[in-house]
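Since the structure comes first, as structure tokens, the remarks are kept for the end.
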Amino acid sequence: IVSPEGENQLWSTNNNEEKVLSMIANAKKYWEVDPNKIAITGYSNGGNGSWYFAEKHPELFSAAIPMASSYTISKKIDIPVYVIHGKKDELFDVSRTEKWINKTKEKGSEIVFIVDDELSHYQACSYIELLKDAGEWLQNIWKEQ
């Protein structure tokens, strides 16, 4: 699982894109990594990064798990996505996230959208149980491959 840090930059900057791509290349080079079982995840801006790399580099990932994020997308994403979001998120309104998810689903994206009614953006540690569920979803995807 790759969970990048954006350094307060857009994910499309050369610095961030090269950092993540080289991290994956080095992981595959130096570790016993199954290239068919690489997922990307992140929280807040890291979640936006998960969306970005799922859209721009689906050949590198088998799934994405963005959390507490919002990403403008209206085209199909070629890998499965499991989105976790708090209904009380102060930074990324859940209705805006749902709008973009619906647009990409209309294009054929495979997306699971989990909304917790009680979570705000500033309760990152409270997302743990939901992330565990996402881990089970990911294991099921990998079993099917």
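The values are calculated or read from the model by the stated rules, or taken from the named source; none is laboratory data. Given the structure is predicted, the values throughout are model-derived calculations rather than measurements. Cβ sites come from the backbone with ideal geometry, for glycine too, and all protein chains shown count toward neighbours. Each accessible area value is taken on the protein alone, full model and side chains, heavy atoms only, with ligands, DNA and RNA left out. Shrake-Rupley method; radii C 1.70, N 1.55, O 1.52, S 1.80 Å.
Kindly write out, for segment 32-41 in residue order, the coupling ³J(HN,Hα) from the Karplus curve 6.51 cos²θ - 1.76 cosθ + 1.60 (θ = phi - 60°), rounded to whole Hz, with x marking Gly and Pro.
7, 10, 7, x, 8, 10, 10, 10, 10, 9
Once every DSSP H run of n ≥ 4 in the chain is given -39500 (n - 2.57) and the sum is divided by its residues, what mean residue ellipticity at 222 nm do you get, rounded to the nearest 500 deg cm²/dmol?
Value at 222 nm, helices only, nearest 500: -13500 deg cm²/dmol.
Calculate the spin-label point distance for S74 paired with I128, positioning each point 7 Å from the Cα along the beta-carbon direction, and give it in nanometres.
4.1 nm
Carbon and sulfur: what percent of the chain's accessible surface (1.4 Å probe)?
49 percent
Solvent-accessible area of E7, probe 1.4 Å, all protein chains present, reported in Å² to the nearest ten, please.
Approximately 90 Å² for this residue.
Using a simple spin-label model with points 7 Å from Cα along the Cα→Cβ vector, what separation in nm is obtained for W100 and D34?
Going by the 7 Å Cα→Cβ label model, 3.0 nm.
Across every pair of different alpha-carbon atoms, what Kirkwood hydrodynamic radius in Å does the chain reach?
15.3 Å is the Kirkwood radius here.
For segment 10-88, report the % of Cα-Cα distances exceeding 16 Å.
Value for segment 10-88: 50 percent of Cα pairs lie more than 16 Å apart.
Could you give the alpha-carbon Rg of segment 69-145 over 2.2 N^0.38 Å, rounded to two decimals?
1.13
Counting DSSP beta bridges with both partners in the chain, what percentage is antiparallel, nearest 5?
Percent antiparallel among DSSP bridges in the chain is about 0.
Hey, in the GNM for the chain with a 10 angstrom Cα cutoff, which one of K88, K103, K132 fluctuates hardest?
Looking only at K88, K103, K132, the largest GNM fluctuation is found for K132.
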